[in-house]
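A.B. asks: Can you keep this structure in mind? I'll have questions shortly.
The values are calculated or read from the model by the stated rules, or taken from the named source; none is laboratory data. Remember, it's a predicted structure, so these values are computed and weren't measured experimentally. Positions of Cβ are backbone-derived with ideal geometry, glycine not excepted, and every protein chain shown enters the neighbour counts. These area figures cover heavy atoms from the full protein model, side chains too; ligands, DNA and RNA do not enter into them. Shrake-Rupley method; radii C 1.70, N 1.55, O 1.52, S 1.80 Å.
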Amino acid sequence: MFKKVLIANRGEIALRIHRACKEMGISTVAVHSTADSYAMHVRLADESVCIGPPSAAESYLNVPAILSAATLTGADAIHPGYGFLSENANFARIVEEHGMAFIGPTSDSIATMGDKVAAKDAMRATGVPVVPGSLGAVESVADASRIAGEIGYPVIVKAASGGGGRGMKVVEHEADIETAFKMASREAESNFGDATVYIEKYLAHPRHVEVQVIGDGQGNAVHLFERDCSLQRKHQKVLEEAPCPVLDDATREKIGTICAEATAKMNYRSAGTFEFLYENGEFFFIEMNTRVQVEHPITEMICNFDIVAEMIRIAAGAKLSITQEDVVMEGHAIECRINAEDPVSFAPSPGLIEEYHAPGGLGVRVDSALYAGYRIPPYYDSLVAKLIVHGRNRDEAIMRLRRSLGEMAVSGISTTIPLHQRLVDNPSFAAADYDIHWLESFVETS
Ligand code: ADP
């Protein structure tokens, strides 16, 4: 097993990884920008190294600085968390070339899944149901118009290297395909440095359902059931729940098995997520995330299994510690992403935390790097806490969530806690009657 792990991230996920390491007897190295000198991940880690100025490009994305920090401190592995360098195939390769383990998939898997066209091809080859669309990249306006005609409007034009919900254009009518194709290619080029786009059938009212898998790269893989992440604003997840409240056991079993088998067939190593749109009883693969997800705790709660610890064991060369029979789902879990933002305008609200009180009690987990006296810097993602509740069933989880939200206190800045409070009291939410568009209209009208 590793003796020392460098955590190439910040905020709550850096703490999450630190906690898994400590429970495994591994010491930790935090890296941080000058804006994060007083951050909780720096305070808790066994060692810390400042890797650059506030801008992420010069610190958390600064590969030479991170590698130097790892070498200087004698770390034998690097965990990238999510965001930043987590899905950078080059980084994964360079880490391994420097004789350290990358706690994640192989750089080849990251590269394949990072190219969404290649990812869909890989899925078709392993029997995963894929959203109808172009086979491969769309090269020209003529191609775009022919393919869209074959699929049938509406369609969505997406960037092959896209991410974070950016670079997508919905096209309702044939008359608009030329403009959409050109705009999407241009935006893909300027945002992702790759003009390649592809076309998919646009689903009008799907839910976003994703399956958590873990493979050991030695032929073994399991699924840990699914999460429903339909509640999104601007393609960003806001609240997630596990299991998906509208799936029956047979459907759940079927899609989970397909994903676990695909993971084994690809000989995939580490944790990963198959994201699907789910409409009228059918699953359509959209992408695979090759990292730990923000919402992984709800899966940990229903499966009573530490995903991050398993990633670490596997990166150290161990075989998967569980078989599919060992994975038993119990109860229901919900996660609220609490952002330092105005709950109405969503304007970022960095600044000094004057008071902080985290809720507690049975079935309540708070993953956060907040503390009273901490100053949230304005340079990074606004996620500051994840409130995760677990109950014997969905109703109990909702009651617990309402109770916990009421107990949670963060003063000095604005947070999205009031938005979550409105959401838990909404009858459509209570009835699990929502799709991927529902939250946008809820936000506008509530
Ligand atoms: P990204 O990597 O940028 O997050 P995704 O392919 O995962 O892109 O899509 C992000 C979100 O965009 C999905 O969760 C869904 O809300 C919407 N979306 C993507 N593809 C489609 C589609 N074919 N039809 C309808 N909505 C889609």
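A.B. asks: May I ask you to derive the relative contact order of the chain, considering only C-alpha pairs under 8 Å and at least 6 residues apart, and to give it as an integer percent?
C.D. replies: RCO, the chain: 14 percent.
A.B. asks: Using only the Cα atoms of the chain, build the gyration tensor, take square roots of its eigenvalues as a ≥ b ≥ c, and label the shape rounded, prolate or oblate: rounded if a/c is under 1.5, else prolate if a/b is larger than b/c, else oblate.
C.D. replies: rounded
A.B. asks: Go ahead and estimate [θ] at 222 nm for the chain from helices alone: -39,500 (n - 2.57) per DSSP H run with n ≥ 4, summed, over the residue count, rounded to 500.
C.D. replies: After summing the helix terms and dividing by the residues of the chain, the value is -10000 deg cm²/dmol.
A.B. asks: In whole Hz, what ³J(HN,Hα) sequence does the stretch 394-402 give by Karplus (6.51, -1.76, 1.60; θ = phi - 60°), x for Gly and Pro?
C.D. replies: 5, 4, 5, 4, 5, 4, 5, 5, 4
A.B. asks: Separation of the stretch 389-446 and the stretch 22-66 by C-alpha centroid, Å?
C.D. replies: What the calculation gives is 33 Å, centre to centre.
A.B. asks: What is the sum of charges, Lys and Arg at +1 and Asp and Glu at -1, for the other residues whose Cβ falls under 13 Å from the Cβ of residue 148?
C.D. replies: It works out to a net charge of -3.
A.B. asks: With +1 on each Lys and Arg Cβ and -1 on each Asp and Glu Cβ, how big is the dipole of the stretch 42-167 about its Cα centre, in debye rounded to the nearest 20?
C.D. replies: It works out to roughly 460 debye.
A.B. asks: Using a 1.4 angstrom probe and counting only protein chains, how large is the accessible area of residue 247 in Å², to 10?
C.D. replies: 20 Å²
A.B. asks: For a label point 7 angstrom out from the Cα of residue 362 toward its Cβ, which stretches of the stretch 278-319 have the backbone nitrogen within less than 19 Å?
C.D. replies: Backbone N within reach: 301-304.
A.B. asks: Taking the Cα centre of the chain as origin and charging only Cβ (+1 Lys, Arg; -1 Asp, Glu), how large is the dipole, in debye to the nearest 20?
C.D. replies: For the chain, the charge dipole is close to 820 debye.
A.B. asks: 5 Å is the cut-off here: which amide hydrogens, built 1.01 Å from N in the peptide plane, fall below it relative to residue 33, excluding neighbours closer than 5 in sequence?
C.D. replies: 51
A.B. asks: Find which of 35, 45, 73 sits farthest along the positive direction of the dipole of the stretch 4-88, computed with +1 on the beta-carbon of Lys and Arg, -1 on that of Asp and Glu, about the Cα centre.
C.D. replies: Comparing the listed Cα positions along the dipole, 45 ranks first.
A.B. asks: For a quick check, take a GNM of the chain with Cα springs below 10 Å and name the residue from 294, 49, 246 with the largest mean-square fluctuation.
C.D. replies: 246
A.B. asks: May I pose another question? With a cut-off of 8 Å between alpha carbons and a minimum separation of six or more residues, what is the relative contact order of the stretch 312-440 in percent?
C.D. replies: 31 percent
A.B. asks: Going by amide H atoms built from the backbone, whose H comes under 5 Å of the H on residue 287, apart from near neighbours?
C.D. replies: Here the answer is 275, since their amide H atoms fall under 5 Å of that of residue 287.
A.B. asks: Given the pairs 3/265; 182/265; 120/182; 22/120; 182/234; 4/120, which span a C-alpha to C-alpha distance of over 27 angstrom in this model?
C.D. replies: Violating the 27 Å Cα-Cα cut-off are 3/265; 182/265; 22/120; 4/120.
A.B. asks: Rounded to the nearest 0.05, what FRET efficiency do residue 118 and residue 411 have when you use their Cβ-Cβ distance and R0 = 51 Å?
C.D. replies: Efficiency, from the Cβ-Cβ distance: 0.60.
A.B. asks: Determine the gain in length on full extension of the stretch residue 282-residue 328; use 0.36 nm per residue of separation and subtract their C-alpha separation, reporting nm with one decimal.
C.D. replies: Value of the extension gain: 14.1 nm.
A.B. asks: Using the Cα centre of the stretch 132-201 as the reference point, and only Cβ charges (+1 on K/R, -1 on D/E), how large is the resulting charge dipole? Debye, rounded to the nearest 20. Before the final figure, lay out the partial values.
C.D. replies: Details: 7 positive and 11 negative charges, 37 e Å.
The calculated dipole for the stretch 132-201 is roughly 180 debye.
A.B. asks: Rounded, prolate or oblate, given the Cα gyration tensor of the stretch 357-446, with a/c below 1.5 counting as rounded?
C.D. replies: It is oblate, given that a/c is not under 1.5 and a/b is not larger than b/c.
A.B. asks: Which shape class, rounded, prolate or oblate, goes with the stretch 4-88 when its Cα gyration tensor gives a ≥ b ≥ c as root eigenvalues, a/c under 1.5 marks rounded, and past that a/b bigger than b/c marks prolate?
C.D. replies: It is rounded, given that a/c, with a ≥ b ≥ c, falls under 1.5.
A.B. asks: Quick one: check the C-alpha center-to-center distance for the stretch 270-334 versus the stretch 1-15, whole angstrom.
C.D. replies: The stretch 270-334 and the stretch 1-15 have Cα centres separated by 19 Å.
A.B. asks: Net charge around residue 331, counting only other residues with Cβ within less than 10 Å of its Cβ (Lys, Arg = +1; Asp, Glu = -1)?
C.D. replies: 0
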